[in-house]
Amino acid sequence: MQVEASEIAAPQPRIIPRPEHILSRKNIPLEALKVLYRLHHSGYKAYLVGGSVRDLLLGKRPKDFDLATDARPGEIRKLFRNSRIIGRRFRLVQVFFIRVIGDPGVRFVRDPARMIRVLRHAARIGFTIDPAAWEEIQAKKNLIRVCPPARLRDELLKDLRSGAARPFMDFMLKSGLFYAIFPAWQGRLGKAGKLELLDHMYRLDKVYQAELAFSENLLWGMFLTTYLHQEELPNNLGELREAIAGHIRQALGTIEFPRQRQEETTQVLALAEAIRPYLKRRQTIPGRITRLAAYPEAWLLNRLCVAPREEIVTLLTETELPAPKPPRRRRPRRRRPRGASRRPVKK
């Protein structure tokens, strides 16, 4: 909800009597009415304005509500602790409410994806989740599995790319919603695994907060690496690809993962695991590996997971990827003259 603070005197409003319009307090959320009433009771003028009024007149449900008032931004801020001032030229005050409109239990049954959105807003804004909503998320977390798999993937991608993936993932783990979506992770992570996953999400946040280009293969690689670290993996690259492909299908549980994306992510993860021992021991990576198409992303994935946190942005903006080694040239075979014997003739 946004409240516009006016710096100049506004013209007198034209008042239309209630019988001449269809607007009703019943169609305005309690939160918007609360802001209006508090401003009025504090001696300020305040009006519902903009697209919300238009939508209400058309019989539609507005997504948010804008208010205009003669109170200054600082005065509004004092009245509403759950607010922040934004904008420079035109200053607006945003008033937040994380609380679910209506009964959380009913709202989550009608659309289980709302549980993800509760955690999303808490992670991005830093507010405390309403206790009633938190209890309902924990009680109804398994309902999330009725959501279409493609929708779950898209919802989660929003949060992985939000710059607040670390607090979001922390809420997901603590609420149990994470294990409802990814049941194969249950009992596998342990304390060390959780810390590694949250660390990877923190590193991902550094990338998106800096608005750097980042491929979806690397994004999923940052997420799935922790799962693979809980498994015994083969050393042979061919067997490694096959094993990781199976682990990815298992790890992603109920969400939809397109086949092409799965194949590309498998290549990156398999190659990242193959070169990890070389990087750890600071050994030269064989040329047959560096010439593979997935090598640059595999190398970068390894570096992103272990580099000091403060170097993540520098790593993506200034580091040049190691150039692949050229293939070894074979010496041309000497041709024998026609009629010459392959073996020397014994006399």
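Quick notes on this structure:
- Lys26, Lys140, reordered so the largest accessible area comes first (probe 1.4 Å): Lys26, Lys140
- Taking Lys and Arg as +1 and Asp and Glu as -1, the other residues whose beta-carbon sits under 12 Å from that of Leu240 total -3.
- Long-range tail of P(r) for the chain (Cα pairs > 26 Å, %): 63 percent
- DSSP beta bridges fully contained in the chain are about 75 percent antiparallel.
- Modelled label positions at Arg61 and Arg249, each set 7 Å beyond Cα in the direction of Cβ, lie 3.9 nm from each other.
- Inter-part distance where the stretch 102-121 and the stretch 191-235 are each reduced to a Cα centre, Å: 27 Å
- For Lys158, a cut-off of 27 angstrom between C-alpha atoms picks up these lysines, skipping any fewer than 8 places away in its own chain: Lys60, Lys63, Lys140, Lys141, Lys174, Lys191, Lys194, Lys206.
- Ranking of Trp134, Trp299 by solvent-accessible surface, largest first: Trp134, Trp299 (1.4 Å probe, protein heavy atoms only, all chains present).
- Taking all protein chains together and a 1.4 Å probe, the residues Lys45, Lys206 rank Lys45, Lys206 from largest to smallest accessible area.
- Extension gain, Thr317 back to Ala184 (0.36 nm per residue minus Cα-Cα distance, nm): 44.3 nm
- Extension gain for Arg261-Ala132 works out to 42.6 nm (0.36 nm per residue, less the C-alpha to C-alpha distance).
- Per-pair calculated FRET efficiency, R0 = 35 Å: Leu237 and Lys191 via Cβ, rounded to 0.05: 0.65
- Oblate is the label for the stretch 92-210, because a/c, from the alpha-carbon gyration tensor with a ≥ b ≥ c as root eigenvalues, is 1.5 or above and a/b does not exceed b/c.
- FRET efficiency for the pair Ala293 and Arg161, taken as 1/(1 + (r/R0)^6) with r the Cβ-Cβ distance and R0 = 25 Å, rounds to 0.55.
- Stretching Gln12 away from Lys78 to a fully extended chain increases their span by 21.1 nm, per 0.36 nm per residue minus the current alpha-carbon distance.
- Apportionment of accessible area to carbon and sulfur, the chain, percent (1.4 Å): 50 percent
- Heavy-atom surface of the chain, accessible at 1.4 Å and reported per residue (Å²): 63 Å²
- In terms of its C-alpha gyration tensor, the stretch 158-241 comes out oblate, because a/c is 1.5 or above while a/b does not outweigh b/c.
The values are calculated or read from the model by the stated rules, or taken from the named source; none is laboratory data. Source: prediction; values computed, not measured. Backbone-built Cβ (ideal geometry, glycine too); neighbour counts: all protein chains shown. To get the accessible areas, we keep the full protein, side chains included, count just its heavy atoms, and leave off ligands, DNA and RNA. Shrake-Rupley method; radii C 1.70, N 1.55, O 1.52, S 1.80 Å.
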